[in-house]
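Student: This structure is in structure tokens; I'll ask about it shortly.
No lab work stands behind these numbers, since they all come straight from the coordinates. All of these numbers come straight from a predicted model, not from anything done at the bench. Here the Cβ positions follow ideal geometry from the backbone for every residue, glycine too, while neighbour counts run over all protein chains shown.
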Amino acid sequence: MIRVTRSAEAPAAVAQPSLRFVRHTGIAAPFRQPNLESELIAPVGVELADLHAVHLDPDTVRIEPHPHDGSWTGQHAFHGFRYRPDGTQNPDFVLNKAPYREASILIAGRNFGQGSQQAFAVIRLLECGMRVIIAPSFGPVFHDDCFDFGLLPVMLDEQVVSRLTNRVRANPEIEVTADLARQVIERPGMTPLPFQIDPRRRRSLLQGKDATLDERLEHRDSAEAMRERDRRLRPWIYDGPDRREP
Amino acid sequence: MKRRDFIRTSVGAGILVSAYPRSLFARLQTQGRRGTMFEKIWDAHVVANLGGETDLLQVDRCIDGSPNQVMRLVREGVELQNPEIFYNVPDHTVSTSPDRYTDQSLGSGWQAYEELADEMKELGFTKAFGQFDPRFGIMHVVGPETGLSQPGMVLCAGDSHTCTHGAMGLISWGGENSGNVLRTGTVIRHRPKTMRVNIVGQLGPGIRAKDVILRTIAQLGTDSGTGYAVEYAGPIVRALSQEARFSICNLAVEMASPTGTVSPDDTTYEYLAGREFAPSQRYWDQAVAFWRTLPTEDDAVFDREETIDMTGVEPQVTWGINPEHAIGINERIPDPDQAPTNKRATYRQAIEYSRLTPGEPILGTPIDEVFIGSCVDSRISDLRAAAAIVEGRRVASTLTSAWVVPGSNAVKAQAEAEGLDRVFKAAGFEWRESGCSKCYGSNGDYVEPGHRCVSNSNRNYIGRQGRETNTILASTTTVAASAIAGSIADVRTFL
């Protein structure tokens, strides 16, 4: 089955995610399986190859609709949970149930996104509408990737996440708010839950751009001076006059 | 440079040290806070301290799999720094089919890559190795193999197995956004703590570097390296070939450390000598003299020390769903009820997913596929070792797939020059083109659903090689032996 086609005229239906995150309110869905590998969020197989193709060549690659539900964006996150082996939807999976179908906040288990998928776990989650992931801890590479794509990872104590989960399960239709500016998770009738986040990353998300760039640029003169000195001290690591052109 | 030249120059290194610019040595010797290689290199690269343990570091090499970051920034009119520190290898998405050079529909990403490569070269990004380039391959094989990864460097990339390069005596990590590096040639990074893993004892027959690192992870745990930069040391590591050291450092990230290192020595310099981007003849002596100042000092202090005794350790294979689930080939599949309390849930999940029975031997477990490739163990020495096992034998008829995917075009060419391809093909293996392939499946090469695959790669997470697939991690020779047996096999009976 070749599902990737290259097309000169039709650009791929790829949502360019906003890198800015200030505040978001939406339905929260609890899916608390611990140590959930990024491989299970963005499964390996035909769809992963497709996604890679679009990512590398967004202007000319178009993906044909998924045979199960007619879409390709979004529905493949958590594929192994979402679908049964015969391709039909699994009604027991949380994101297949109302009102969680509309969820944009995921309440996850510890070490969420362990392993690494070259950011595709994050892309998959964004494409199925997620804007916030709340978990006791995250896989390190997944956590880094979140900030590159404007997905907010919120780390809270295991007990706090469990309490939030219980409240959400009792009244799933009541929306949850993640406020990055004030660093709190809120829900009507619940004491706001404060969370910690790296100040550089918070600033970057609030501004919708890499705020560390300015910080790095501040030191540009020192960096350039150091590089110049290094060119003299370690000329062999740079393309010098004796380096034959490939 | 030939090996002979290297030996000649290294003899004179003692004199050269004194002739070398003092400032760089002074920087390394006084600033390496506690004498570890990691700290010496880190400190020599600090542009500015940004408060606490967070530093702005100069980057010496940055690798990217796709040219998109570069080209997007160029189109935005952003001024880019130091193009010569970059190299691009689109390894994850190319096809490994022998038809990839003629069939345009195979693989993905490379088409766009080829369109951009010329433009990139004009901008000074000369090291863009597309799938048609003889230097193409898996980025973690290509870097050292072309001499781009050298001792004393700070190297970063997006891919998590960037820790592989640390075996050259440099410090490296994945998860960096190359666009950020392109703009300033620097990264912001929190200084990790340091850990030394001393590998001691005697390696038994048939034991390879992959067995050493699987044993290490099984002993220490998949989260043991969190927050640490790891140095692998001890007599066994010193005696390993350079290629074997890559296999060790490759799995550092599987113990949750983004950085794995080995202090450089003559094995390292000898490996590097004569490679395309290695220091030229003109700078070689100077470079070696500098590299000799890098190794961890005898009195260095690490934040944590661990010792792994390899005496009596058998070939290792994994039974479960993470690299920590490694056991000796003659051990039995563990019983979750007997497992440490905090691991019971994972053990139960692993037993359920892997469809294995606790208490049964792992040896002889039937398999469906085997895979030899990946950034762990796909270099020429690995292929030679595998070929020695399969020569004159046949892959079991019950296997649906047995692939050999060389780590790079150069490895493939070398293997073919030695006739290894014919050995593999005669045994019934499929001899493929280079790339990441079935280790991860983002190019569309994946293990069939429900199949059990013995693989020399680095991850056996649920679904890593494809949906509902069971991955048995093992050394390259164990994979080769298992292919012949049609089940998980003890390589020592094939030696």
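Student: Treating only the Cβ of Lys, Arg, Asp and Glu as charged (+1, +1, -1, -1), what charge dipole size does chain B show about its Cα centre? Round to the nearest 20 debye.
Tutor: 600
Student: In peptide B:465-472, what is the residue-averaged number of other protein chain Cβ atoms found within 10 Å of each Cβ?
Tutor: That average works out to 3.
Student: Restricting to DSSP loop positions (anything but H, G, I, E, B) with no more than 12 other Cβ atoms inside 10 Å of their own Cβ, which GluC sites (Glu not before Pro) remain in segment A:161-212?
Tutor: For GluC sites (Glu not before Pro) across segment A:161-212 that sit outside H, G, I, E and B with at most 12 neighbouring Cβ atoms in 10 Å, the list reads A:E173.
Student: Could you work out the equivalent-ellipsoid semi-axes for the protein assembly as shown, taking the square root of 5 times each eigenvalue of the Cα gyration tensor, largest first, in whole Å?
Tutor: 37, 32, 26
Student: Grab the Cα-Cα distance for B:E276 and B:T226, subtract it from 0.36 nm times how many residues apart they are, and report the gain in nm with one decimal.
Tutor: Additional length available on full extension: 14.5 nm.
Student: What ranking of B:W403, B:W173 emerges when the number of other C-beta atoms within 10 Å of each C-beta is taken as an exposure proxy, fewest first?
Tutor: Ordered by Cβ neighbours within 10 Å, fewest first: B:W403, B:W173.
Student: In addition: Compute the signed sum of charges (Lys and Arg +1, Asp and Glu -1) over the other residues within less than 13 Å, Cβ to Cβ, of B:V141.
Tutor: -2
Student: Can you show me the helix-derived [θ] at 222 nm for the protein assembly as shown, built from DSSP H runs with n ≥ 4 at -39,500 (n - 2.57) apiece and divided by the number of residues, rounded to the nearest 500.
Tutor: -9000 deg cm²/dmol
Student: Now, a different point. Enumerate the amide H contacts of B:I199 below 5 Å, restricted to partners 5 or more residues apart or on another chain; note that Pro and chain-start residues carry no placed amide H.
Tutor: Long-range HN contacts for B:I199: B:A233, B:G234, B:I236, B:V237, B:I308.
Student: Ignore the peptide's own chain and count Cβ atoms of other chains within 10 Å of each Cβ in B:219-227; give me the average, rounded.
Tutor: That works out to 1 on average.
Student: Which of the lysines could be linked to B:K438 by a straight reach, that is with a Cα gap under 27 Å, when you skip same-chain ones fewer than 8 residues away?
Tutor: Hits, sequence-local ones excluded: B:K127, B:K210, B:K412, B:K425.
Student: Here is a follow-up. Give me B:Y446, B:Y347 sorted ascending by neighbouring Cβ count inside 10 Å, so fewest comes first.
Tutor: B:Y347, B:Y446
Student: Taking the Cα centre of the protein assembly as shown as origin and charging only Cβ (+1 Lys, Arg; -1 Asp, Glu), how large is the dipole, in debye to the nearest 20?
Tutor: Magnitude of the dipole: close to 860 debye.
Student: Taking neighbour counts of Cβ atoms within 10 Å as a proxy for exposure, in what order, fewest first, do B:F132, B:F494, A:F112 appear?
Tutor: Taking fewest neighbouring Cβ atoms as first place, the list is B:F132, B:F494, A:F112.
Student: Going toward the positive end of the dipole of the protein assembly as shown, with +1 on Lys and Arg Cβ and -1 on Asp and Glu Cβ, which of B:P258, B:I199, A:A98 do you reach last?
Tutor: B:I199
Student: Each residue of segment B:137-149 in turn: what ³J(HN,Hα) in whole Hz from Karplus with 6.51, -1.76, 1.60 and θ = phi - 60°, glycine and Pro shown as x?
Tutor: These are the phi-based 3J(HN,Hα) values: x, 6, 3, 7, 8, 5, x, x, 5, 8, x, 6, 9 Hz.
Student: Find the centroid of the Cα atoms in segment B:331-354 and in segment A:199-214, then give the distance between the two in whole Å.
Tutor: Distance between centres, Cα-based: 42 Å.
Student: Same structure again: How large is ³J(HN,Hα) for each residue in segment B:318-326, as worked out from phi by the Karplus curve 6.51 cos²θ - 1.76 cosθ + 1.60 (θ = phi - 60°), to whole Hz, x for Gly and Pro?
Tutor: Working through the residues one at a time gives 9, 10, x, 10, 8, x, 5, 7, 9 Hz.
Student: Please check chain B for the longest run free of GluC sites (Glu not before Pro) that are loop-located per DSSP (anything but H, G, I, E, B) and have at most 10 other Cβ atoms within 10 Å.
Tutor: Result for the longest clean stretch: B:80-495.
Student: Give me a single rounded figure for B:252-264: the average over its residues of other chain Cβ atoms within 10 Å of their Cβ.
Tutor: Taking all residues of B:252-264 together, the mean is 1.
Student: Something else now. Going by average Cβ density within 10 Å per residue, which order do the peptides B:375-382, A:81-88 take, highest to lowest?
Tutor: With the highest mean Cβ count within 10 Å placed first, the list reads B:375-382, A:81-88.
Student: Straight-line reach from B:K40: which lysines have Cα under 19 Å away, leaving out those fewer than 8 places along the same chain?
Tutor: Here the lysines satisfying the reach criterion relative to B:K40 are B:K193.
Student: Could you run the Karplus curve 6.51 cos²θ - 1.76 cosθ + 1.60 with θ = phi - 60° over segment A:125-139 and give me ³J(HN,Hα) per residue in whole Hz, x for Gly and Pro?
Tutor: Listing the rounded values in order: 5, 4, 6, 9, x, 6, 10, 9, 10, 10, 8, x, 7, 10, x Hz.
Student: Give the long-range amide H neighbours of B:T146: residues separated by 5 or more places, or on another chain, with amide H under 5 Å away, using H modelled in the peptide plane at 1.01 Å from N.
Tutor: Amide H neighbours of B:T146: none.
Student: Quick one: putting +1 on the C-beta of Lys and Arg, -1 on the C-beta of Asp and Glu, what dipole do you get for segment B:160-252 around its Cα centre, in Debye to the nearest 20?
Tutor: 160
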